[in-house]
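A short worksheet on the structure shown next.
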Amino acid sequence: MLAEFAVALLVVGLAAYAVLGGADFGAGFWDLTAGSAERGARVRGLIERSMGPVWESNHVWLIFVLVVCWTTFPTAFGSIMSTLWVALFIALMGIVLRGSAFAFRGESATVSQQRFFGVIFAASSLIVPFFLAAAIGGIASGRVPAGNAAGDLLTSWANPTSVLVGVLAIVTGAYLAAVYMAGDARRGGHDDLVERMRLRALGAGAAAGVVALGGFGVLREDARPLYDGLTEGAGLVAVIISIVAGIAGLWLIWTRRFALARVVAAAAVAAVACGWALAQQPEFLPGALTVEEAAAADATLAAVLIAFVVGVLVLAPSLVLLWRLVLRGRLDRDFRPLGPDRRR
């Protein structure tokens, strides 16, 4: 029972990172596709304004997942890290470069500096979610055996399922970011940006649906146990919830109800993360370790769960306050287009 609680913590952390961190990466996608320095200046200014107060807190969830995993499932954690280290190292470098570039770009003194850091920020925003998700695809498709570097260092993450999950991570992040920024633009009274982000949200949401549904064909051929888990039982329930929430989210965006669309879009993405966990139960590493086999001693699991409860009591009020202040616009920066208005 304690092991199942620990898995639940991991799923909650992954879902939160997929929603919050995913939207953060998605903003970088729209930065990359915003256009020239002149044409994309207002979109990039909105990205800077929307991400500024929360971008660092969004990535707390990744640290949470890593700490819980290595503490409660040490054998599985070692197997994952030693087999998938190439993809995870690339993602780590992307996280470092992305955060640095975002901070430096906001303080750039010239257009050339701004463009340089902007390219790094945008490119890293695609690299990080793709390679993190590719690693998840390797786990989900049963390509991570138990043991130190027991799996193939390349095909464990460079395979059809991993590519599918990586592309899905990029597209869903873009969808979430567009929804969130459309709401932010409305709150700031920038009607032109509301419509631009609304159209992007509709396009990205539709693309995410096509990739997700079309991906079942890939899973059927490349990861049949995962496919079976997603088409029956609790896994199927999660898939249905994601589909319903996805359709509802598109309707809410179409009717410009962005506040509710935020919640529904987040639910659609979180359901995908939950569906993966439910589809491969009771296995932690499919074909290699069950949850019970991978779990640490009961004393360790109990200590982690107690620490989690204490941590929630300490940190949850701060996070809730941060989100409330952000959604009410109390932390909004002055809007300024991020373009060629800087010194050359």
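The values are calculated or read from the model by the stated rules, or taken from the named source; none is laboratory data. Please read these numbers as outputs of a predicted model, since none were measured by experiment. All Cβ positions, even for glycine, are placed from backbone atoms using ideal geometry, and neighbour counts span all protein chains on display.
Could you identify the single residue in 213, 252 that is over 20 Å from the mean Cα position of the chain (by Cα) and assigned to a helix (DSSP H, G or I)?
252
Are there any pairs, at least 6 apart or on different chains, whose C-beta atoms fall under 8 Å, with the first in segment 149-160 and under 12 Å from residue 136 (Cα atoms) and the second among the charged types (D, E, K, R) and part of a loop (DSSP other than H, G, I, E, B), and if so, which?
156/143; 157/143; 159/143
Would you check which residues across segment 45-69 are out of contact with any Gly (no Cβ under 7 Å at 6 or more places or on another chain) and within 16 Å of residue 98 (Cβ to Cβ) and list them?
Looking only at segment 45-69, we keep the residues that are out of contact with any Gly (no Cβ under 7 Å at 6 or more places or on another chain), and these are 45-47, 49-57, 60, 63, 66-67, 69.
Those that are out of contact with any Gly (no Cβ under 7 Å at 6 or more places or on another chain) and within 16 Å of residue 98 (Cβ to Cβ): 47, 50, 51, 52, 54, 55, 56, 57, 60, 63.
So, in segment 1-55, of the ones that are outside any helix (DSSP H, G or I) and polar (S, T, N, Q), which residue ends up surrounded by the most Cβ atoms within 10 Å (Cβ to Cβ)?
If we take residues in segment 1-55 being outside any helix (DSSP H, G or I) and polar (S, T, N, Q), then 33 is surrounded by the most Cβ atoms within 10 Å (Cβ to Cβ).
On the given criteria, is residue 77 free of Cβ contacts under 8 Å to residues at least 12 places away in the same chain, part of a helix (DSSP H, G or I) and more than 17 Å from the chain's Cα centre (by Cα)? Talk me through it step by step, then tell me what you get.
On the way: free of Cβ contacts under 8 Å to residues at least 12 places away in the same chain: yes; part of a helix (DSSP H, G or I): yes; more than 17 Å from the chain's Cα centre (by Cα): yes.
So residue 77 fits the description; yes.
Mind telling me which of the residues 70, 85 ends up being in contact with a helix residue (DSSP H, G or I) (Cβ under 6 Å, 6 or more places away or on another chain), modelled with pLDDT of 90 or more and of a type in the set (A, V, I, L, M, F, W, C)?
70
When the residues of segment 59-93 are narrowed to those that are surrounded by fewer than 19 Cβ atoms within 10 Å (Cβ to Cβ) and among the hydroxyl-bearing types (Ser, Thr, Tyr), which ends up nearest to residue 293 (Cα to Cα)?
75
Let's see how each residue does on (1) among the aromatic types (Phe, Trp, Tyr); (2) outside any helix (DSSP H, G or I); (3) in contact with a Gly (Cβ under 9 Å, 6 or more places away or on another chain):
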site	(1), (2), (3)
121	yes, no, yes
125	no, no, yes
145	no, yes, yes
149	no, yes, no
171	no, no, yes
175	yes, no, yes
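From 286, 282, grab the single residue that is within 30 Å of residue 147 (Cβ to Cβ) and either in contact with a His (Cβ under 6 Å, 6 or more places away or on another chain) or without any contact (Cβ under 8 Å) to a residue 12 or more places away in the chain (or both).
After applying the criteria, what remains is 282.
Residues to consider are 179, 194; find the one that is more than 22 Å from residue 89 (Cβ to Cβ), in contact (Cβ under 8 Å) with a residue 12 or more places away in the chain and surrounded by fewer than 24 Cβ atoms within 10 Å (Cβ to Cβ). Outline the logic, then answer.
Details: 179 fails: surrounded by fewer than 24 Cβ atoms within 10 Å (Cβ to Cβ).
Selected residue: 194, the only one of 179, 194 that is more than 22 Å from residue 89 (Cβ to Cβ), in contact (Cβ under 8 Å) with a residue 12 or more places away in the chain and surrounded by fewer than 24 Cβ atoms within 10 Å (Cβ to Cβ).
With respect to residue 228, is the statement that it is under 19 Å from residue 167 (Cβ atoms) and acidic (Asp, Glu) true?
no
Please work out if residue 139 is in contact with a strand residue (DSSP E or B) (Cβ under 9 Å, 6 or more places away or on another chain), outside any loop (DSSP other than H, G, I, E, B) and buried (at least 20 other Cβ atoms within 10 Å of the Cβ).
Here the answer is yes, as residue 139 does meet what is asked.
Being in contact with a Leu (Cβ under 8 Å, 6 or more places away or on another chain) and among the hydroxyl-bearing types (Ser, Thr, Tyr) narrows it down to one residue among 112, 100, 141; which is it?
So the residue among 112, 100, 141 that is in contact with a Leu (Cβ under 8 Å, 6 or more places away or on another chain) and among the hydroxyl-bearing types (Ser, Thr, Tyr) is 141.
Could you list all residues from segment 104-125 that are at pLDDT 80 or above, surrounded by fewer than 16 Cβ atoms within 10 Å (Cβ to Cβ) and either of a type in the set (Gly, Ala, Ser) or under 16 Å from residue 26 (Cα atoms) (or both)?
Across segment 104-125, the qualifying residue is only 119.
Where the second residue is modelled with pLDDT under 95 and surrounded by 20 or more Cβ atoms within 10 Å (Cβ to Cβ) and the first is within 14 Å of residue 186 (Cα to Cα) and of a type in the set (Gly, Ala, Ser) and lies in segment 244-259, which pairs have Cβ atoms under 7 Å and are six or more apart or on separate chains?
Close Cβ pairs satisfying both conditions: 259/183.
In segment 287-330, which residue that is assigned to a loop (DSSP other than H, G, I, E, B) and exposed (fewer than 15 other Cβ atoms within 10 Å of the Cβ) is modelled with the highest pLDDT?
The qualifying residue modelled with the highest pLDDT is 297.
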